[in-house]
Amino acid sequence: MKRVVCPYCGFGCNLLIDPATLKVKPYKGEPNRGKLCPKGLHATEIVKSGERLKRPLKRVGSSMVPISWGVAIGEIANRLLEIRELYGPDAVAFLASSKVSNEENYLLQKIARLFGTNNIDNCARLCHEGSVHALKLAVGTGTQTNPYEDIPKFKSVLIWGYNPAETHPVVMDYIVRAKRNGAKIIAVDVRETRTMAFADYKLVIRPGTDIVLANALAHIIIEEELYNGDFIRSRTAGFSEVRMAVKKYTPEYAERVTGVPAEIIREVAGEFALAGSGAVMWGMGLTQHVSGVENILAVINLALLLGYIGERGGLYPMRGQNNVQGAAYMGALSEFLPGYVPLTDEKFRRRVARLWGVGDLPTERGLYLTELWEAIEKGDITALYIVGENPAVSEADFMMVRNALKKLDLLVVQDIFPTKTARYAHYLLPASAFCEKSGSYMNSERRIQWSEKACEPAYDSKPDWEILTMLGRALGLPGFNYTSVEEITSEYFRLFPELEEKSVEELKNSDGIFLPKKRLHTWEFATPDGKARFIAVEWIPPWEDPDEEYPFVLTTVRLIGHYNTGEMTLRSPSLVRLMGEPKALISREDAERLGIRNGDWMEVKTRRGKIRMRAEIGNVPGKLVVVPFHFKANRLTSPALNKAGTPEFKFAAARVKKIRNEKPTPNTPR
C-alpha cells in the first residue's frame, strides 16, 4: 500500500492506496486517525476517468490538435519570450494551484520571478487571503496557530461562518470529541447547518452582520470584566481602542441588526469567556465579504480578550483545498515571497535570489488573481499560464472572466481534465493525477506531509514538476536541471531555518513536519515587539443591498460530496450517485408565497446573470437563497473585493421565481 495525501480539502487526510487496484483505505496515523469522508474514499475514481487529458494539444483554428511535448514546451517558451521582449515581463501572469504539491508551486513562482514578474497568484485569493492579512496584522503570522489535536482539549469551540460537518468531516470528529470532553460548542452562520446539530448554541444571523455580533460579544466581555487582564497587559497592545470602539455595540443594538436575541448574545459571551480555553474556527462565511479582513479581526479580538491563543486556545482559519496552505507558503502569492515574507524584505529577497543564481528579484507587488481580468481587458496582460485552476467557473461574475480569457494572445492550461477554462486555451498540457507522482503537501495546520507515487502516469501525462522543469529550461532560466522531485524539496527546505537541518527521508518516514513549529505564539507573537495587536473595526455593510427588484440575499455553500468547480468530483461515479442533482435552498415561507414545491425548477437571478436549479425547501431564514458554488453559482456572485482582493461570494441581491411550463437542462458544468 502507498501512503498518499488526499487531493481534496485542507485537512490533509492520508490515503492508503493499493497500486494494483487503486482501492483506498484510511491511514490510521496522523492526522485523520483512520477516518475518511466520501470524497477521500472515492478519490481514485477520477484517475481512471476516460475524460483525462491524454496528450499535449495546440489550438489550430477552431480545433485542438496533438503535438509532442518537445514542440509544445518549445513553442510556449518562445511565445512567452516574444511577449516579454515586446511588452515586458509584467505582460505575463502565472496562476498556481492549490491542488499540486509544494515543489510544483515552488517551481512556478520561481519561474515567474526569474522571468521578471510578481504576477503569480493562487486561489487562496478567493478564500482565505483575508485571513492571512488579518492574522499578520494581529499576531504576525498569516496561518493557523494550533494543531487539530488541541481541539478536544479546549473547553469551548466557536465555529463562525464554517460548516465542518460538510466541508471538513474529519475535523468535525475532533469537535465532537471536544463536546464529549465537556466543551461548549457555539456555531454562528446565516442558516441552520449540519454542524449546528452538535452545537450548544446556534446563532443564525442576518447575512453580512458578523462584525456587529462579534463586537457585541466583545462589548459584554469588557463591560462585565470577563476578559483576561493579565494576558492583555503582558502580551497585547491596542486594548483601549477596542474598548472604546465596541461601546456602542450593545446586545440590544446587535439584536436589531443581526436578528440574534440580546439575552442569547449575553449568555454566549458569558459561556465563551468563562470556559477558560477555546478554539476560534472560521471559514469562508467570514472571509468572502467586502468586510472579510475586518470580520476576521473582530473574531481575533475575542480570542485576544480571553487569552485563547497558544496553550489555552487557537485560531483556526479552515482551509478548503489540500495544498492551498502550501501554495501560499511556497510563495505563490503576488505580494509575498516563500514563507509569507514581504517582497520588500530586502535581506530575505536577496537570499532567495542568491539561491536561484541571480542578483535580485522584482520588488513591485504583482496583480492579484481577482485583478487579472480587468488587466487583460485593458491589454496590460496578454499571456496567462494556468496550472490546475479553473477560473472560468471559480471566479465571481465568471462571464466577465470568460470574456477576458478570449482576449489573451497566449493561454496555457496545464491540468488533468479539459476544464471550462481549457476551452479558451491555445495550448493544453496533460498533467499527472495526485497519486501518479510524489511530492510534499502542507495542510491547514502547517503540517508538511509526503505523498507517495502509487501508480504510473496515465496516457502521455507528466507530473507538474517535470513539465515546469522543462519550461524553465526552455526559457533559459538558471537552475532548472532537476532530475527528481526530492531535489526540489531539498531546495525549498533551504529557505526555512526550521527545515535546513531536516532531510527529505526524515519527512518521508514521519507523520509530517510542522512549519515553523506545532504551536505558535505560546510565549510571544511574531510581531516586532512580540505583542499581539487588538485592532478596532466598525461594521461594513455588504456591497449591494436587496431592493424591490432583487429582494433576496444569495449566498453560496459547499456540499460534502463535491469539491470546488466539480471538475474532479463530477467525474467520480460514486460521488455523483451520492449527491444527486444540485438544488437551491429556500425557506418554506418563501416557497409558499412563490408557489414553489420541492423539486420544482426555479430561476435565481442577480444583476450579473441568472441560472436555473431545482428547488429544495429547508430550514433557512426568509429572503435567503442558498446555492452550492460547485456548479454555475458564480455566474451570479458579486465581483466586489475586500482589502485582500477576495470577492464577496457570500452576499448578492437576488430574485427568485418559479419556472413554469419549461423543462430546462440540468444545471451542471459539464
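Structure values in brief
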| read-out | value |
| --- | --- |
| Fewest-first sequence of 442, 64 by Cβ atoms within 10 Å of each Cβ | 64, 442 |
| Relative pair counts by distance (%), Cα atoms of the range 129-318, 5 Å bins | 1, 8, 18, 23, 24, 17, 7, 1, 0 |
| Those Cys residues of the chain for which no other cysteine Cβ falls under 4.7 Å | 9, 37, 123, 127, 435, 455 |
| Charge tally in the Cβ shell below 10 Å around residue 184, where Lys, Arg are +1 and Asp, Glu are -1, residue 184 excluded | 0 |
| Efficiency of FRET from Cβ geometry, residue 226 and residue 264, R₀ 22 Å, rounded to 0.05 | 0.85 |
| Out-of-range pairs (alpha-carbon distance over 25 Å; input 583/658; 155/650; 407/437; 347/531; 28/517) | 155/650; 407/437 |
| Relative packing of peptides 220-226, 331-337 - highest average C-beta neighbours within 10 Å first | 331-337, 220-226 |
| Ranking of 205, 309 by count of other Cβ atoms within 10 Å, fewest first | 205, 309 |
| Cα-based reach from residue 153 at 17 Å (exclusive), listing lysines while leaving out same-chain residues under 8 positions away | 179, 184, 518 |
| Rounded, prolate or oblate (a/c below 1.5 giving rounded, otherwise prolate when a/b exceeds b/c) for the range 413-517 by Cα gyration tensor | prolate |
| Cα gyration tensor, the range 12-85 - rounded (a/c under 1.5), prolate or oblate | prolate |
| Residue 545-residue 86 pseudo-label distance in nm [points 7 Å out on the Cα-to-Cβ vector] | 4.8 nm |
| Approximate spin-label separation residue 511-residue 473, in nm, with each point projected 7 Å along Cα-to-Cβ | 4.0 nm |
| Hydrodynamic radius (Kirkwood) for the range 14-147, which is based on Cα pairs only, to one decimal in Å | 19.2 Å |
| Around residue 550: net Lys/Arg minus Asp/Glu count, Cβ-Cβ under 12 Å | +2 |
| For a label point 7 Å along the Cα-to-beta-carbon line of residue 522, residues of the range 208-234 with backbone N under 20 Å | 231-232, 234 |
| Scattering curve values for the range 111-190, log₁₀ I(q)/I(0), Debye with Cα scatterers, q = 0.12, 0.21, 0.24, 0.27 Å⁻¹ | -0.50, -1.10, -1.23, -1.27 |
| Long-range tail of P(r) for the range 268-332 (Cα pairs > 20 Å, %) | 40 percent |
| Relative contact order, percent, the range 283-351 [alpha-carbon distance under 8 Å, six or more residues apart] | 15 percent |
| Potential lengthening between residue 244 and residue 607 on full extension [0.36 nm per residue; Cα-Cα distance subtracted] | 126.8 nm |
| For peptides 23-36, 642-655, sequence by mean Cβ density within 10 Å, most packed first | 642-655, 23-36 |
| Stokes-Einstein translational diffusion, the range 500-602 - Kirkwood Rh over all Cα pairs, 0.692 mPa s, 37 °C, in µm²/s | 159 µm²/s |
| Normalised contact order of the chain, rounded percent, pairs of Cα under 8 Å and 6 or more residues apart | 20 percent |
| Burial order of peptide ranges 183-194, 352-363 (average beta-carbon count within 10 Å, highest first) | 183-194, 352-363 |
| Residues 174, 308, sorted so that the one with the fewest Cβ neighbours within 10 Å comes first | 174, 308 |
| Cα centroid of the range 96-131 to Cα centroid of the range 238-269, whole Å | 39 Å |
| Gain upon complete extension [residue 374, residue 69; 0.36 nm per residue less C-alpha separation] | 106.6 nm |
| Overall Cα dimensions of the chain - principal axes, largest extent first, Å | 69, 67, 50 |
| Taking N as its residue count, the alpha carbon Rg of the range 552-658 over 2.2 N^0.38 Å | 1.08 |
| Convex hull volume per residue in cubic angstrom - Cα atoms of the range 422-461 | 96 Å³ |
| Quarter of Cα convex hull surface for the range 298-396, i.e. mean projection, nm² | 9.8 nm² |
| Cα Rg, Dmax (largest Cα-Cα span) when computed across the range 178-238, Å | 14.8, 40 |
| Cα-based equivalent ellipsoid, the range 395-434: semi-axes from gyration tensor eigenvalues, Å | 20, 13, 6 |
| Once the Cα gyration tensor of the range 229-325 is diagonalised, semi-axes √(5λ) in Å | 22, 20, 14 |
| Segment residue 353-residue 498, length gained on full extension (0.36 nm per residue, minus Cα span) | 50.2 nm |
| Rough spin-label spacing in nm, given labels placed 7 Å along Cα→Cβ, for residue 577 and residue 33 | 3.1 nm |
| Modelled FRET efficiency - R0 51 Å, residue 62 with residue 234, Cβ distances, 0.05 increments | 0.15 |
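Only the coordinates and a few stated rules stand behind these numbers; no lab work does. In this text the structure is predicted, and so the values were computed from the model without any measurement. In this analysis, Cβ positions are derived from the backbone assuming ideal geometry, glycine residues included, and neighbour counts consider all displayed protein chains.
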